[in-house]
Amino acid sequence: MNLKSSISAFLFLAANLVFAQQNHYKETIDSVLHYFQENHAFSGRVTIEKNNEVLYDGDYNLFGKGKGNYKVGSVTKMFTAVLVFQLIEEEKLKLETPLSDFYPEIKNADEITIGNLLSHTSGLYEILGWDEYYLTRNQSFSKEQLLKLILNGKPEFKPNKDCSYSNSNYLLLGFILEDVTEKPYAELVKEKISDQIGLKNTYVAVSGGNQPTLDSYIFDGEDWVKDVSSDPSLPFAAGSIVSNNEDLIQFLKALFEGQLISQTSLDQMKTLKSKTIGHGLFNAPFYEKTAWGHTGRIDEFKTAAFYFPEEDLTLVITMDAGRVGINDIALPVLSKFYGKKYNYPEFYHSEITEPDFSVFEGDYKIKLAGIISVGIMRIKKAKNNFLFMTEVHDGKESEWVLLERMDENTFYSRRANAKLEFSFDKKNETDKITLEQGKFKISGVKID
């Protein structure tokens with residue numbers, strides 16, 4: 001064999017080796033997504049792109065495969081932060097600009113800056129903590145109503161004294177963007193981001209709008225049930241954008257390639273105020289690698305959009321249903337892609353039918369250390385071998401969370417990563433409940 005033939009043979013073998021390796025991670029990612037979907041834990045799409053080449057694109061959507069766009073929740077915050085930094089570069093805002101320049105009625109407004117709002121260091125009340133949030137999320141809210149909710153909420157801490165994620169920060173940033181530019185937030189996203197870099201399927205949902213959007217679904221133990229759709233006026237600049245995998249990849253690439261803001265502004269977005277929270281970007285380490293981006297959740301939509309700058313690699317996951325968190329999908333996908341060890345989670349499918357589920361249903365008064373009352377936990381039967389759990393405050397129910405049966409008296413909340421164990425009295429009726437989450441444990445007494 002001559003030298004030319006040897007080189008050709010080597011290149012052929014190398015190409016086939018690369019192809020085999022690619023097929024390997026594609027098969028392993030497919031297998032893990034199949035596993036989650038078979039356990040009613042995932043419906044959505046996963047896309048990995050590197051150097052402008054799509055390396056993996058798995059569409060596992062049960063309800064709208066290849067159709068429609070996803071609500072991306074808090075991924076919206078990256079777009080809002082970009083708009084803010086564009087105004088800073090235009091010298092219409094500064095990171096040091098106080099909130100009192102716009103909304104002096106907000107508590108600590110003189111001490112809260114644009115930078116504090118971007119980095120969640122304002123201490124402002126988290127609007128998701130409002131007791132009626134889940135009951136009223138499908139209703140339209142005015143700017144005045146949202147400001148009143150923030151104003152009436154008790155701050156968590158003094159500005160700059162801590163870092164705690166709060167959607168209220170980005171609601172206010174959206175209002176400030178509109179005040180400074182005298183344009184609606186939806187128009188700003190379209191004009192200064194979507195149109196500028198050619199996003200075809202990214203827009204801000206508005207109340208009464210008829211833009212094409214998928215529905216999201218909840219698993220009730222047997223079937224997928226359509227979830228309530230939040231009105232976009234409530235999340236606003238904190239979570240009202242609709243997009244798809246291709247557009248989110250394009251957005252992240254444009255952001256890191258300097259098409260939207262300067263390198264100086266991008267560096268500021270990446271400046272951390274906690275282990276993971278920057279000024280509109282999250283830091284996400286994976287072994288020796290570091291990604292930047294954001295996660296989001298609204299209704300049962302969940303999204304992760306992250307970029308690994310050193311590898312020019314982007315991962316986007318969009319979900320419209322699934323009883324696991326977005327990180328529970330991102331971790332195995334990245335592990336399979338990079339050949340890292342991954343242990344599959346166990347999904348409980350107990351066939352135990354005794355005692356009957358009716359004995360668990362009711363309200364339980366929860367106490368911390370057995371003394372301090374922290375609220376009411378309501379339990380009701382779901383379908384098959386599952387229960388639902390929710391918190392009740394002032395008679396108002398919060399989000400219902402599915403519980404999997406582990407044994408006769410023990411159930412597991414996958415969303416909270418917590419175990420619930422029921423105790424029985426001499427009449428063989430439930431009288432107590434214990435919730436264990438890691439080292440944290442609280443107990444409750446049945447009151448109804």
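Counting the residues of the stretch 425-448 that are farther than 16 Å from Ser413 by Cα and in a strand (DSSP E or B) gives 6. Only one entry in Glu182, Glu132, Glu191, Glu187 is touching a Lys or Arg at 6+ places or on another chain (Cβ under 7 Å) and more than 14 Å from Ser233 (Cβ to Cβ), namely Glu132. Any residue at all in the stretch 271-278 that's crowded, with 21+ Cβ neighbours inside 10 Å, at pLDDT 95 or above, under 16 Å from Leu83 (Cα atoms) and under 20 Å from the mean Cα position of the chain (by Cα)? Yes, the stretch 271-278 has at least one match.
In the stretch 283-294, of all residues being touching a residue at least 12 places away in the same chain (Cβ under 8 Å) and surrounded by fewer than 23 Cβ atoms within 10 Å (Cβ to Cβ), the one that is nearest to Phe256 (Cα to Cα) corresponds to Trp292. I'd like to check something: does the stretch 236-247 contain any residue that is buried (at least 18 other Cβ atoms within 10 Å of the Cβ), of a type in the set (D, E, K, R), closer than 23 Å to Gly174 by Cβ and modelled with pLDDT of 95 or more? Yes: one or more hits. Restricting Glu96, Glu91 to those that are touching a strand residue (DSSP E or B) at 6+ places or on another chain (Cβ under 8 Å), of a type in the set (Asp, Glu) and either part of a helix (DSSP H, G or I) or free of Cβ contacts under 8 Å to residues at least 24 places away in the same chain (or both) reduces the list to Glu96. Among the residues making up the stretch 137-168, those that are of a type in the set (S, T, N, Q) and in contact with an Asp or Glu (Cβ under 9 Å, 6 or more places away or on another chain) are Asn138, Gln139, Ser140, Asn160, Ser164, Ser166, Asn167, Ser168. The numbered conditions (1) in contact with a helix residue (DSSP H, G or I) (Cβ under 8 Å, 6 or more places away or on another chain); (2) modelled with pLDDT of 95 or more are all true for Glu144 except (1).
The set of residues from the stretch 297-353 being among the β-branched types (Val, Ile, Thr) and crowded, with 18+ Cβ neighbours inside 10 Å comprises Ile298, Thr303, Thr314, Val316, Ile317, Thr318, Val324, Ile326, Ile329, Val333. Among the residues here, Phe219 does not qualify as farther than 22 Å from Phe63 by Cβ and among the aromatic types (Phe, Trp, Tyr).
Would the stretch 22-34 turn up any residue that is modelled with pLDDT of 95 or more, part of a helix (DSSP H, G or I), outside the structural domain of Val316 (by TED's automatic domain parsing) and acidic (Asp, Glu)? Looking through the stretch 22-34, at least one residue is modelled with pLDDT of 95 or more, part of a helix (DSSP H, G or I), outside the structural domain of Val316 (by TED's automatic domain parsing) and acidic (Asp, Glu). Is there a residue being aliphatic (A, V, I, L, M), part of a loop (DSSP other than H, G, I, E, B) and in contact with a helix residue (DSSP H, G or I) (Cβ under 8 Å, 6 or more places away or on another chain) anywhere in the stretch 315-325? Checked against the condition, which is being aliphatic (A, V, I, L, M), part of a loop (DSSP other than H, G, I, E, B) and in contact with a helix residue (DSSP H, G or I) (Cβ under 8 Å, 6 or more places away or on another chain), the stretch 315-325 yields at least one hit. Here Ser262, Ser240, Ser233 are screened, and the one residue that is within 30 Å of Phe388 (Cα to Cα) and out of contact with any strand residue (DSSP E or B) (no Cβ under 9 Å at 6 or more places or on another chain) is Ser233. Residue count for the stretch 235-289 satisfying the condition of being of a type in the set (A, V, I, L, M), part of a loop (DSSP other than H, G, I, E, B) and closer than 30 Å to Lys340 by Cα: 2.
Considering the stretch 56-82, and only residues there that are crowded, with 16+ Cβ neighbours inside 10 Å, over 18 Å from the mean Cα position of the chain (by Cα) and farther than 16 Å from Leu248 by Cα, the residue that is modelled with the highest pLDDT turns out to be Tyr60.
The values are calculated or read from the model by the stated rules, or taken from the named source; none is laboratory data. Computed from a prediction, not measured in an experiment: that's the story for all the values here. When we count neighbours, we look across all protein chains shown, and the Cβ atoms used for this are built from the backbone with ideal geometry, even at glycine.
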